Amino acid sequence: MPMTRWFRSAVPPILAALLLSGCDFAGPQSALDPAGPIAQAQLDLFNWSLWLSALVMIGTFGVLAYVILRYRRGQRTDVPEQSHGNPKLEIALTIVPVIIVVMVAVPTVRTIFATEARVTPTEDDLVVKVTGYQWWWKFEYPEYGITTANELRVPTDRRVVLQLDSADVLHSFWVPRLAGKRDMIPNQDNQLVFTAPEAGEYYGQCAELCLGAHAYMKFRVISEEPAAFEAWADTFDIDGAQRVQADPQVQRGHQLFAQKGCTTCHTVDGYRSTPVGTPEFPDLTNFGTRTTLGAAILPNTQENLEAWLRDPDALKPGNYMPALWSEDDPDADEEIAAVAAYLLSLGTPDETEARAFVGGDHGDR
Ligand SMILES: [Cu+2]
């Protein structure tokens, strides 16, 4: 075989292998690795359609291959016998596709009703109001009075009913391992229902191009045993006082948090220095309990947090958080470390003995 022909016949399989090697069927964001009944029902439907299509394809290409080989023209020069119409064949070719369409349509409609029908939440359900912002997520739990961002904690034993909204442009809520995507449209209350019976962390991603940092608009769903979930929810019970741990660095970070103007945008323990009604930014109450940072683009560690505070735009191009320290600020390192320590202390157990409560003015000065 000449080299070029060999090369040409080798290209398609190599290309296919390369393309397929990019597929990770069990990645953290794979709809092919479901972790709940909704995603499972959707995958079942996908598999059913896939294998049915594969059968149709094998049948069609099989007949085609047979006809091509069996009725090759070869050396023949005579005109084959001519025929017109074959009612039996034509009826069969009409009925078979109808049967196939019905075999796809019935399970599809059934799955749509089973997974996407609007529900009226009962007391057993956990209702969470989700609002999409460019480029982060707000999660509100009316039942618990909790407002948080970018990490949706849910118990393993309750159905979760999300009320989806957007504060600006279109977004789309998608946690592939738990449920299909659902649009978030300003002033249209869409709903998404799922359960996450296996404790674990599930990756989410905005699935509607929302400009700027869209690709970095991620989030996590953390499903926990009921007791762990309730313990987490309890840490938000604060009686209107702001909790600041006794560690001197944490105390310093708390002061700087107000001095540097973070409180004009961010709320901690219900307190924010700017009047309600102005644009909203991620609520940082109990920020130390979050596992990720910047809408789930980085693990929430002291080091990453310092890098984020020094230059948010370098980590997440186009996002709306400004850098609060100038590049030549001699105190930047020490101050940023203190603010990061303060943020990481929020909602975590105090290692020092006495926890200092700062009430009244919330330490705002
Ligand atoms: Cu988005």
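Laboratory data are not the source of any read-out in this text; all were calculated from the coordinates shown. For clarity, every value in this text was computed on a predicted model and none was experimentally measured. Here the Cβ is made from the backbone with ideal geometry for all residues, glycine too, and neighbour counts use every protein chain on show.
Between the range 226-276 and the range 81-149, what is the C-alpha centre distance in whole Å?
What the calculation gives is 42 Å, centre to centre.
With θ set to phi - 60°, apply the Karplus curve 6.51 cos²θ - 1.76 cosθ + 1.60 along the range 46-55 and write out the HN-Hα couplings as whole Hz, x wherever there is a Gly or Pro.
Coupling constants for the range 46-55: 4, 5, 4, 5, 5, 6, 5, 5, 4, 4 Hz.
With N set to the residue count of the range 242-358, report its C-alpha Rg divided by 2.2 N^0.38 Å to two decimal places.
Ratio of Rg to 2.2 N^0.38 Å for the range 242-358: 1.02.
Give me a comma-separated list of calculated 3J(HN,Hα) values for the range 195-205, in order, Karplus coefficients 6.51, -1.76, 1.60 applied at θ = phi - 60°, integers in Hz, x for any Gly or Pro.
10, 10, x, 9, 4, x, 10, 10, 7, x, 7
For the chain, with a Gaussian network of springs between Cα atoms less than 10 Å apart, report the residue from E334, E143, E90 with the top mean-square fluctuation.
E90
Just to check I understand the Karplus step: with θ = phi - 60° and J = 6.51 cos²θ - 1.76 cosθ + 1.60, what whole-Hz values come out for the range 291-296, glycine and proline as x?
8, 10, 9, x, 6, 6
Size of the dipole of the chain about the Cα centre, Lys and Arg at +1 and Asp and Glu at -1 on the beta carbon, nothing else charged, in debye to 20?
That gives the chain a dipole magnitude of about 2780 debye.
Which value at 222 nm does the chain reach when only helices count, each DSSP H run of 4 or more adding -39,500 (n - 2.57), with the total divided by all residues and rounded to the nearest 500 deg cm²/dmol?
Helices in the chain give a 222 nm mean residue ellipticity of -12000 deg cm²/dmol.
What number in nm² do you get for the chain if you take the convex hull of its Cα atoms and divide its surface by four?
29.1 nm²
Quick query: amide H of V169 versus all other amide H atoms, modeled in the peptide plane; which residues come in under 5 Å with a sequence gap of 5 or more or a different chain?
Sorted by chain and number, the residues that satisfy this are Q134.
Most mobile of G36, G59, G318 per a Gaussian network model of the chain (Cα springs, under 10 Å)?
Looking only at G36, G59, G318, the largest GNM fluctuation is found for G59.
For L126, what charge total do you get from the other residues with a beta carbon under 13 Å from its beta carbon, if Lys and Arg give +1 and Asp and Glu give -1?
-4
Of all beta bridges DSSP finds with both residues in the range 60-179, what is the antiparallel percent, to the nearest 5?
Restricted to the range 60-179, the bridges split so that about 60 percent are antiparallel.
In the neighborhood of A340, defined by Cβ-to-Cβ distances under 15 Å, what is the net charge if each Lys or Arg adds +1 and each Asp or Glu adds -1?
-4
Bin width 10 Å, alpha-carbon pairs only: give the P(r) of the range 1-84 as whole percents, running from 0 to the bin holding the largest distance.
13, 19, 29, 20, 13, 6, 1
For L209, put the label point 7 Å out on the Cα→Cβ axis and report which residues of the range 168-189 keep their amide N under 15 Å from it.
Taking a point 7 Å out along Cα→Cβ of L209, the residues of the range 168-189 whose backbone N falls under 15 Å are 170-172.
Taking H as built 1.01 Å from N, whose amide H comes closer than 5 Å to the amide H of L152, not counting residues under 5 places away?
R220, V221, I222
Could you pull the Rg and Dmax for the range 186-317, using just the Cα atoms, both in Å?
According to the Cα coordinates of the range 186-317, Rg and Dmax are 16.7, 47 Å.
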